[in-house]
Amino acid sequence: MFFTQTTWATCGGGGGGGGGGMSGGGGGSAPTVYNVPWKIFKVAEAPKQGLVLYWFPASNDEVKRSSLRESRTLSLYASQCVAMELADPQIPHADKLIGDSKLPVAVLASPDGTPVSKIENTNGKLKVVDVEKLLDTEMKQRESALDGQMKEAAGKAKAGDKDGAIGICEAVLDQKCLFPKKAKEAAKQLKSLGVADIASVSAAPIFEPRRSALIVSTMRRGLVAEMNAHYITAEKLYQRAHLMDPADPTPLRYLAENYRHNIGAWEKARAGFEAILNMPADPLSRSVALHGLGKMTIHEGEFKKGLGLMEQAVAEYPLALAYRNLAVYWNSEGDPVKGNDYTQQALALDPADPYNLVFAAVFMAANGKKEEALKIARAHMNLMPASYNLAAIFAQNGEHDKAISMLRRHFFQYERYNSVRAKEMMEARVDAVFDSIRADQSFIALTKGADGRLPMPMKGMPASATPNR
């Protein structure tokens, strides 16, 4: 159990960010940019509309290594009412869905569990290209059926059966989540038939293979630039990818998160996140947007509102970034039980992720497991993005000089923009993990550029009594 920390809920520099809200990216010249938002199937959260793509893996190792983890095609369909569900043979309707197939298997089904189509494994593996083809084929067949309905509606209108034509067009319009392109055609036809108050339809994303490949390539170049701290280059590449397909939420997610976490252009970040929430977007993109808005809102002093946004984020999609910052929030609020729970949930998503490990070690040090925390810190001294958390571990272990050194590295080597430094310095000044060095002149001098948006904690005053909470 973590000890009680009494200071401001800031979601300080320890929470991390960037990279579109995901950690790592896989490294190399072709890092992962289109993470498919697979969610572990839960009966209470079962989709009620659209289609469901079930992935029944044969093992946990397959989930970690499968090509099904990255796909622009699947990510886009996840924005169009096709739920991506990671399932096991114990779920309801599993027998009907799996049938005589051997795992792994992918099954496309209706929300009530009725199978639509299936792809078997090849030599014990599912290939993402086969799953993409499965979904593409089904969607094209259904789109062709809608084409037939639109022709029938045109025929009825020509024959004078206006009501019949309107009824068909309205039925097609109702399919706008799965088929925005056809819904737009239906809306146009309804307008010509004199129907008012037609529901708006969002633009359809681009699936054409060559253009899609160019978008993926541009995004990968952007992420490589970001991982090498070339944030303006990353901004330009993400913006280019966004303009290639404004209906694709992923480039906008990376762009907004780059503005929020790396560049500190929060007005642009807020505009990007809000745009994602106002367009058809996959659960992962929505989660990152909600988290980003929540973190900025907390820094601006609206703690409960920011907390609510981050809680919405993890409800939308389990995100390690949001879990970590929820842990920071609740430990800062003096609720170690919730802080521990959220830290463990972040670790559970990726127990081997170095950033997750260092983050957890901060609270291990606070809980008295100082040597264990120091061991983790010393093993990850070269992890630049973890500099803030490394400083926190050293500060709580009485190694003040190392703590100051790591904070200096965080502010002046890892961070590249004064707008970001000012926010991070302010958050460090009010972060409970730096209680032992808060009055140290070297710490005060190091954080003199703090933006002052968060009131400093008052010595001896309980957290609940601090002004303006």
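The values are calculated or read from the model by the stated rules, or taken from the named source; none is laboratory data. On a predicted model such as this, the values are computed, not experimentally measured, just so you know. Positions of Cβ are backbone-derived with ideal geometry, glycine not excepted, and every protein chain shown enters the neighbour counts. Side chains are part of the model used for accessible areas, which takes the heavy atoms of the whole protein and leaves out ligands, DNA and RNA. Shrake-Rupley method; radii C 1.70, N 1.55, O 1.52, S 1.80 Å.
Cα-based radius of gyration for region 42-137, normalised by 2.2 N^0.38 Å, reads 0.98. For region 162-297, with all protein chains in place and a probe radius of 1.4 Å, 53% of the accessible heavy-atom surface sits on carbon or sulfur. On the principal axes of its alpha-carbon atoms, region 366-441 has extents of 35, 27, 18 Å, going from largest to smallest.
In terms of Cα atoms, the Rg and Dmax of region 338-381 work out to 10.0, 28 Å.
Hull volume per residue, based on the alpha-carbon atoms of region 318-405 and their convex hull, is 88 Å³. For region 203-283, the Kirkwood hydrodynamic radius from C-alpha pairs, put into Stokes-Einstein at 25 °C and a viscosity of 0.890 mPa s, yields a diffusion coefficient of 195 µm² per second. Averaged per residue, region 223-378 has 35 square angstrom of accessible surface, using a 1.4 angstrom probe with ligands and nucleic acids left out.
So what is log10(I(q)/I(0)) for region 253-405 at q = 0.15 1/Å, when the Debye sum runs over its Cα atoms only? Results for region 253-405 at q = 0.15 Å⁻¹ read -0.82.
Each label point was placed 7 Å from the Cα along the Cα-to-Cβ direction; for Gln49 and Lys369 their separation is 4.5 nm. Against the chain, whose longest principal axis comes from its Cα atoms, helix 336-349 is set at around 50 degrees.
The value obtained for the chain, namely the Cα convex hull volume divided by the number of residues, is 159 Å³ per residue. Overall shape: oblate for region 138-201, with the ratio a/c of the largest to smallest alpha carbon gyration tensor axis at 1.5 or above and b/c at least equal to a/b.
Legend: calculated FRET efficiency, Lys191 to Ser59, from the Cβ-Cβ distance at R0 = 41 Å, rounded to 0.05, equals 0.20. For the chain, adding -39500 (n - 2.57) for each run of n ≥ 4 DSSP H residues and dividing by the number of residues yields -16500 deg cm²/dmol at 222 nm.
For region 76-85, backbone phi angles converted through the Karplus equation (6.51, -1.76, 1.60; θ = phi - 60°) give residue-by-residue couplings of 5, 5, 5, 7, 10, 6, 10, 6, 9, 10 Hz, Gly and Pro being listed as x.
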